[in-house]
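The block underneath contains the structure these notes are about, expressed in structure tokens.
The values are calculated or read from the model by the stated rules, or taken from the named source; none is laboratory data. Bear in mind that the values here come from a model prediction, so they are computed numbers and not experimental data. Positions of Cβ are backbone-derived with ideal geometry, glycine not excepted, and every protein chain shown enters the neighbour counts. For the accessible areas, the whole protein counts, side chains as well, though only heavy atoms, and no ligand, DNA or RNA atoms are used. Shrake-Rupley method; radii C 1.70, N 1.55, O 1.52, S 1.80 Å.
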Amino acid sequence: MGGGLRERDLERVSRMGIVPMPVAEALGLFDAAMELGRACVVPARLDMAALRERAAQDDLPAILRGLVRTPVRKQVATATPAAAGAVGQDADSRWGARLAGLAGERRKAALRELVNAAVADVLGHASTDTIEASRPFQDMGFDSLMALELKERIQDKTATRMPATLIFDYPTPQALADYLLLEVLGAGTEAGDAATDPAATDVVAAATLDEPVAIVGMACRYPGGVTSPEDLWRLVAEGRDAITEFPTDRGWDVEGLYDPDPESVGKSYSRQGGFLHDAAEFDADFFGISPREATATDPQQRLLLETAWEALERAGVDPAGLRGSRTGVFAGLMYHDYGAWAPAAEGFEGMLSTGSAGSVASGRVAYTFGFEGPAVTVDTACSSSLVALHLAAQALRNGECDLALAGGVTVMATPSTFVEFSRQRGLAADGRCKSFSDDADGTGWAEGVGLLVVERLSD
């Protein structure tokens, strides 16, 4: 296991009490374990002194606790609720007292300095000058071992128990510093600051089944060059046709796919629909996503990110200011075929599963914006967006969230739906629905994304 680790990684593993083994020795022990015919045999070399030290600090994983003895505590100190999670009371008192003695802005600066210094140490940087407060840890190159080391450094400095998921729950230095302000001091940045007071943020509104829900913002992308609600109104008012030929930038065999004969296998007898011809465009850097991960991410997820930001802005809300808020995301999504190109993709392993999973779509928005309300992806086919809005209204009325993004997105990565409905004779040959008309001859497929920002009318 240690053969592919860097020196700093080897040091991290050693501090955890697990001593890296030479490759040949590890492989030999692995072979021996396989021959035992017993489940869960793991060859490992342990540093018992390091394990005892971790056990004394109550920081030893449960699976290793039976390997070391811990001294019996003969005296139990009375701890206040604020210090209940303390690792070392003396250190906590010293650092916490120094922090509490600072004024609001100086207190924030001290926490940012603490976090930046710990991040720089883990990354091996000589100074904190290169640490950007709003840059995600993932973009800085953090892996799971580095995340654990940062957690332990913060924990040792503040003498306060930190969750193992620290940098995933608070994915930027700024978010982590804000969390520490509450966790270490147990109060907001200023006395009586309701915006950061846990007692204020944990208040759940009483359920009101007949509470009206207000639409306070919206954003969309639809065929015909529609990039805003105003564009959509003009398209409808002017009676323009937004149906076009198949897109040519998705790797579809546009010429070979079409056959007017509905009996042709693997063909579509329609070659028109409502398409987002700029669906591939995405400002990955704006959302802190690398170009490679952006390529592995379904355009449906990308469009949700963009329209979520726009919808909040149009509601007069600073999207970056909602981190940690009880904001929910309810997204309707019925196409899950972006991952179909995976066998031909190289260099995208580890990103395609999350990039193409519908279940991740709402979660990616919540994670990127730092929302802490419900994150739900809904697939009820053509009614997905309507059901998503219904669930958002219910969540608001039940007090599960205070603000919600609700809507849906559709981008067809493959032409499979056209082929399937051609076999069923359910497709309109000209790609146009003709509802309630004597000329109705089937459905037409189209793409788009639309999100509403909704909240309780009383709010």
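Screening the candidates 15, 45, 73 for the property of being among the charged types (D, E, K, R), more than 33 Å from the chain's Cα centre (by Cα) and at pLDDT 70 or above yields one hit, 45.
Looking across the stretch 280-297, just one residue is open to solvent by less than 10 Å² (accessible area, probe 1.4 Å) and not in a helix (DSSP H, G or I), and that is 297.
Go through the stretch 150-182 residue by residue and tally those that are part of a helix (DSSP H, G or I), of a type in the set (A, V, I, L, M) and closer than 14 Å to residue 99 by Cα. Qualifying residue count for the region: 4. As for the stretch 229-236, it holds no residue that is β-branched (Val, Ile, Thr), modelled with pLDDT of 95 or more and within 30 Å of residue 458 (Cα to Cα).
Only residues that are part of a helix (DSSP H, G or I) and over 15 Å from residue 327 (Cα atoms) were counted across the stretch 369-384, and they come to 4.
Annotation: residue 354 fulfils all but one of (1) modelled with pLDDT of 90 or more; (2) open to solvent by 20 Å² or more (accessible area, probe 1.4 Å); (3) β-branched (Val, Ile, Thr); the unmet one is (1). Residues in the stretch 226-235 include at least one that is assigned to a loop (DSSP other than H, G, I, E, B), farther than 20 Å from residue 337 by Cβ and hydroxyl-bearing (Ser, Thr, Tyr). When residue 38 is tested against (1) more than 22 Å from residue 156 (Cα to Cα); (2) at pLDDT below 70, exactly one condition is not met: (2).
When the stretch 122-144 is limited to residues that are charged (D, E, K, R) and within 20 Å of residue 178 (Cα to Cα), the one that is least open to solvent (accessible area, probe 1.4 Å) turns out to be 139. The residue pairs whose first member lies in the stretch 364-386 and is touching a residue at least 40 places away in the same chain (Cβ under 8 Å) and crowded, with 22+ Cβ neighbours inside 10 Å, whose second member is in a loop (DSSP other than H, G, I, E, B) and among the acidic types (Asp, Glu), and whose beta carbons are closer than 7 Å, counting only pairs six or more residues apart or on different chains, are 373/400. Quick check: anything in the stretch 404-424 closer than 30 Å to residue 266 by Cα, open to solvent by 50 Å² or more (accessible area, probe 1.4 Å) and part of a loop (DSSP other than H, G, I, E, B)? Yes, there is a match, as at least one residue in the stretch 404-424 is closer than 30 Å to residue 266 by Cα, open to solvent by 50 Å² or more (accessible area, probe 1.4 Å) and part of a loop (DSSP other than H, G, I, E, B).
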